[in-house]
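Trainee: Pasting a structure below so you can have a look.
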Amino acid sequence: MAEFSTAIIDRGDVSVINVSGYLDAHTAPTLESNFTELIDNNKFKIVVNFKDLAYISSAGLGVFMAYVEKIRDNAGDIKLTNMNEKVYNIFDLLGFPLLYEIFSTEDEAVNKFNKSDKVGNDESK
């Protein structure tokens, strides 16, 4: 079975989930647990850093869809960052760039949350 691990790091009021390895049907429950833990602790500003993720399956993608509505209902969001080309292509193929903001770096994603907090709802696409 492929290796998968996560680590949650708090950057102010933004939680960063670093994912590593292979995210598939066997490993998706680990990421689900991370989202459940953050939601249970009222942490709804989440950045997922894919820097060390080698592979994602449809089951891995499903984790994001399972939690995004609850997070957005609580004035939060999931922002994605540091995807390699292979992982990005899977997200792109399924239309995820229309649903999620994807950033090149973790700092950009975290700063977007902080910028949104300062300007409130005035910043819209």
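Bear in mind that the values in this text are calculations on the coordinates, not laboratory data. Remember, it's a predicted structure, so these values are computed and weren't measured experimentally. Please note: Cβ atoms are built from the backbone with ideal geometry, for glycine as well, and neighbour counts cover all protein chains shown.
Trainee: Give me the three principal axis extents of segment 4-118 from the C-alpha atoms, as integers in angstrom, largest value leading.
Mentor: 35, 27, 22
Trainee: So which lysines can residue 115 reach, going by Cα to Cα under 25 Å and dropping same-chain residues fewer than 8 places off?
Mentor: 43, 45, 51, 70, 79, 125
Trainee: Quick check: convex hull of the Cα atoms in segment 56-113, volume per residue, rounded to a whole Å³? Working shown, then result.
Mentor: Values: hull volume 4.3 nm³, N = 58.
Cα-based convex hull of segment 56-113, divided per residue, equals 74 Å³.
Trainee: May I pose another question? Percent antiparallel among DSSP beta bridges with both residues in the chain, to the nearest 5?
Mentor: Of those bridges, close to 35 percent are antiparallel.
Trainee: Okay, next question. Quick one: 83, 65, fewest Cβ neighbours within 10 Å first, how do they rank?
Mentor: Ordered by Cβ neighbours within 10 Å, fewest first: 65, 83.
Trainee: Please get the size of the charge dipole for the chain, origin at its Cα centre, with Cβ charges of +1 on Lys and Arg and -1 on Asp and Glu, quoted in debye to the nearest 20.
Mentor: Result for the chain is approximately 140 debye, rounded to the nearest 20.
Trainee: Let me ask you something else. Given the -39500 (n - 2.57) contribution per DSSP H run of 4+ residues, what per-residue ellipticity at 222 nm results for the chain, rounded to the nearest 500 deg cm²/dmol?
Mentor: Mean residue ellipticity, 222 nm, calculated: -13500 deg cm²/dmol.
Trainee: Near residue 86, which aspartates and glutamates are there with a Cα under 17 Å away, not counting those fewer than 8 places off in the same chain?
Mentor: Reachable aspartates and glutamates: 24, 52.
Trainee: Work out which GluC sites (Glu not before Pro) in the chain are exposed loop sites (DSSP not H, G, I, E or B, at most 13 other Cβ within 10 Å) and give the longest gap free of them.
Mentor: Values: sites that count: 3, 123.
Segment 4-122 is the longest.
Trainee: Of the candidates 27, 36, 81, which one comes out as most mobile in a Gaussian network treatment of the chain with C-alpha springs shorter than 10 Å?
Mentor: With Cα springs under 10 Å in the chain, the top fluctuation among 27, 36, 81 is at 36.
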